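K.L.:
Attaching a single structure in structure tokens format; questions to follow.
The values are calculated or read from the model by the stated rules, or taken from the named source; none is laboratory data. None of these values were measured; they are calculated from a predicted model. Every residue, glycine as well, gets a Cβ built from its backbone with ideal geometry; the counts of neighbours run over all protein chains shown.
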Amino acid sequence: MNHSEHILVTIKKFAELTGLTEEAIRQYIKKGLWREKIHWRKAPNGRIFINTKAAYSWIEGIGA
């Protein structure tokens, strides 16, 4: 896999790209609908980044 398949963006940026609210994204994470290290990752500074490829697949009902 190449780097472009694992683009990581902030919750704010992913909300802008998809039209989802930041709160909806946080709820997907909190409720376990989006899994850590698959759909999102926490940076050493505590900031959450969304794996765009995995999240888009989830939104489309494909795979993860």
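K.L.:
Could you tell me how many of the residues in the range 25-48 are surrounded by 13 or more Cβ atoms within 10 Å (Cβ to Cβ) and either of a type in the set (A, V, I, L, M) or modelled with pLDDT under 95 (or both)?
P.N.:
4
K.L.:
On to the next question. May I ask you to list the residues in the range 43-64 that are among the hydroxyl-bearing types (Ser, Thr, Tyr) and under 9 Å from the mean Cα position of the chain (by Cα)?
P.N.:
Scanning the range 43-64 gives Thr52, Tyr56.
K.L.:
State which residue is farthest from Ile62 (Cα to Cα) when the search covers only the range 21-42 and only residues that are under 11 Å from the mean Cα position of the chain (by Cα) and assigned to a loop (DSSP other than H, G, I, E, B).
P.N.:
Lys37
K.L.:
Does the range 9-20 hold any residues that are assigned to a helix (DSSP H, G or I) and small (Gly, Ala, Ser), and which are they?
P.N.:
Ala15 - this is the single residue of the range 9-20 that is assigned to a helix (DSSP H, G or I) and small (Gly, Ala, Ser).
K.L.:
Please name all residue pairs, on different chains or six or more residues apart, with Cβ atoms under 8 Å, provided the first residue is in the range 16-40 and is among the hydroxyl-bearing types (Ser, Thr, Tyr) and the second residue is surrounded by 12 or more Cβ atoms within 10 Å (Cβ to Cβ) and not in a helix (DSSP H, G or I).
P.N.:
Once the first residue is among the hydroxyl-bearing types (Ser, Thr, Tyr) and sits in the range 16-40, its partners that are surrounded by 12 or more Cβ atoms within 10 Å (Cβ to Cβ) and not in a helix (DSSP H, G or I) give Tyr28/Trp34; Tyr28/His39.
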